Amino acid sequence: MIRFEHVTKRYEDGTTAVDDLSFEVAEGELVTLVGPSGCGKTTTMKMVNRLTEPTDGRIFLDGDDISAIDPVRLRRRIGYVIQQVGLFPHKTVLENTATVPHLLGWGREKGRKRASELLDLVGLDPSVYGGRYPEQLSGGQRQRVGVARALAADPPVLLMDEPFGAVDPVVRERLQNEFLKLQAQVRKTVLFVTHDIEEAVRLGDRIAVYGHGRIEQFDTPATVLGAPATPYVADFVGADRGLKRLSVTPIEESDLDQPPVVHLDDPLAKATARLRADGARWAVVLDGQDNLHGWIPAGDGRTGDGTTAGGTVREHARRMEAWLPLGAPLKQAFATMLQHDAGWIAVIDEEGAGRFLGVLTPARLHEALRRSIDADAQAVPRADVAVETVAGVTSR
Ligand SMILES: Nc1ncnc2c1ncn2[C@@H]1O[C@H](COP(=O)(O)OP(=O)(O)OP(=O)(O)O)[C@@H](O)[C@H]1O
């Protein structure tokens, strides 16, 4: 979809910002460009919408050499989101969002309808926010308008230059999550610039790690973290990459323990006897469809004289807030454990459905992390890390 062929950019003062860069981004793929300040990320991006021209080499969009496309027409195919958002202060949120449809001559009604749909899509109720002015929004809300505006003409390509750089870490994480959900729906081809490796890992289908003007490694987040191609990349992703791997390693069924399970309508006496027999301190409580309901401690239902009270598990079950769907990243599991001060979390088959699959304990979480790191070390020998899409990379 986007292809760089031996692209070099030398500014007039002699600075080589980008040096013989070749890579390809597939349709619907989100590639993050990450690296230290001044390594050429923004320059790479600006060459795609011809805000700046390469000194050498060629860039293709959907097979077309962009140097042959009129820049204004080219930019209609490309949404652009930047950190400073650049909303018009004297225009309402709805008018800002409808800017591109307006420029394309869509007509007022059609443009406004599209803008409303997009505001909804980025989580801003148009009836609440549409009539506000940018200064009446929070930083995070302004960024959302920026994203909505970039998507307004439904361009196949999005360029995003540190779009969430100006907001605090909590809002930033929320915007990242929202953007991932949005991207799952709209499936744009995205180039996303960041200097934050965490953000790059979180969002990218693949990551391009920049050294000065060059890509040092271009691969999936798991491979970049698990098998850095060069000492520079290893240094950049940091010594704590084991921790970062938590974000890219999903919970798998084999990571789960199977604790005793009781059902809501089981007689309490039977459930308690079962727990005692197993020597278990608690059991997971499921409903009639085997969906997660909560948990029950082994001590519950005992009367003062040591006999068991009557009734069913239902009256004694406690709600379980610490649960996640299978496939959620280990990092989320870890955060959920901390948030609920939980010694284990329940894992269900998918968000919404809720069939109970097992529990994840801290020990099993640790094993899962180790397995993921080891698997990479075995499966992807450092020397074999695929960088063949990136001509000009120095492999050491
Ligand atoms: N118009 C310009 N004229 C001369 N040099 C420039 C110009 N724009 C950028 N540069 C230089 O080119 C190099 C790459 O800049 P670029 O903005 O692409 O880096 P970046 O990786 O996006 O950095 P940051 O993360 O700080 O935004 C830098 O050394 C920068 O100073």
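Here the spin labels are modelled as points 7 Å beyond Cα on the Cα-Cβ line, and at residue 185 and residue 8 they lie 4.5 nm apart.
With a 1.4 Å probe and all protein chains left in place, how much of the accessible area of region 253-372 comes from carbon and sulfur atoms, in whole percent?
Carbon plus sulfur share of accessible area: 50 percent.
Mean projection of the Cα convex hull over all viewing directions, computed for the chain: 24.4 nm².
What full-extension length gain, to one decimal in nm, is calculated for residue 276 and residue 26 as 0.36 nm per residue of separation minus the Cα-Cα distance?
Going from the current span to full extension adds 84.3 nm.
Grab the Cα-Cα distance for residue 196 and residue 257, subtract it from 0.36 nm times how many residues apart they are, and report the gain in nm with one decimal.
On the way: separation 61, 0.36 × 61 = 21.96 nm, distance 3.48 nm.
Difference between extended and current length: 18.5 nm.
Computed per residue of the chain from DSSP H runs no shorter than four, each worth -39500 (n - 2.57), the mean residue ellipticity at 222 nm is -10000 deg cm²/dmol. The charge dipole of region 253-372, taken about the Cα centre with unit charges on the Cβ atoms of Lys, Arg (+1) and Asp, Glu (-1), comes to about 340 debye, rounded to the nearest 20.
With viscosity 0.692 mPa s and temperature 37 °C, the Kirkwood radius over alpha carbon pairs of region 87-187 converts through Stokes-Einstein to a diffusion coefficient of 241 µm²/s.
3J(HN,Hα) couplings calculated from phi for region 224-238 with the Karplus curve 6.51 cos²θ - 1.76 cosθ + 1.60 (θ = phi - 60°) are, in sequence order, 4, 6, x, 9, x, 6, 9, x, 4, 5, 4, 5, 5, 6, x Hz; Gly and Pro show x. Taking all protein chains into account, the per residue accessible area for region 2-247 stands at 43 Å² (1.4 Å probe).
Which of the GluC sites (Glu not before Pro) across region 194-253 are loop residues per DSSP, with 16 or fewer other Cβ within 10 Å?
On the way: sites: 198, 199, 216, 252, 253; in loops: 252.
Listed in order of number, the matching sites are 252.
Segment residue 366..residue 173, full-extension length gain: 67.1 nm, with 0.36 nm per residue of separation and the alpha-carbon distance subtracted. Here's the list of aspartates and glutamates a cross-link from residue 113 could span, going by alpha-carbon distance under 12 Å and ignoring same-chain residues fewer than 8 apart: 95. Among the lysines, which fall within straight-line cross-link reach of residue 46, defined as a Cα-Cα distance under 25 Å, with same-chain neighbours fewer than 8 residues apart omitted? Cα-Cα hits under 25 Å: 9, 188.
Here the spin labels are modelled as points 7 Å beyond Cα on the Cα-Cβ line, and at residue 319 and residue 205 they lie 3.9 nm apart. Per residue, the accessible area of region 253-372 comes to 52 Å², computed with a 1.4 Å probe over protein heavy atoms only.
The equivalent ellipsoid of region 253-372 has semi-axes of 28, 15, 12 Å, largest first, where each one is the square root of 5 times an eigenvalue of the Cα gyration tensor.
The values are calculated or read from the model by the stated rules, or taken from the named source; none is laboratory data. If you're wondering where the values come from, they're calculated on a predicted model, not measured in any experiment. Counting neighbours? That spans all protein chains shown, and the Cβs are built from the backbone with ideal geometry, glycine included. When the accessible area is computed, the model is the full protein with side chains, heavy atoms only, and any ligands, DNA or RNA have been set aside. Shrake-Rupley method; radii C 1.70, N 1.55, O 1.52, S 1.80 Å.
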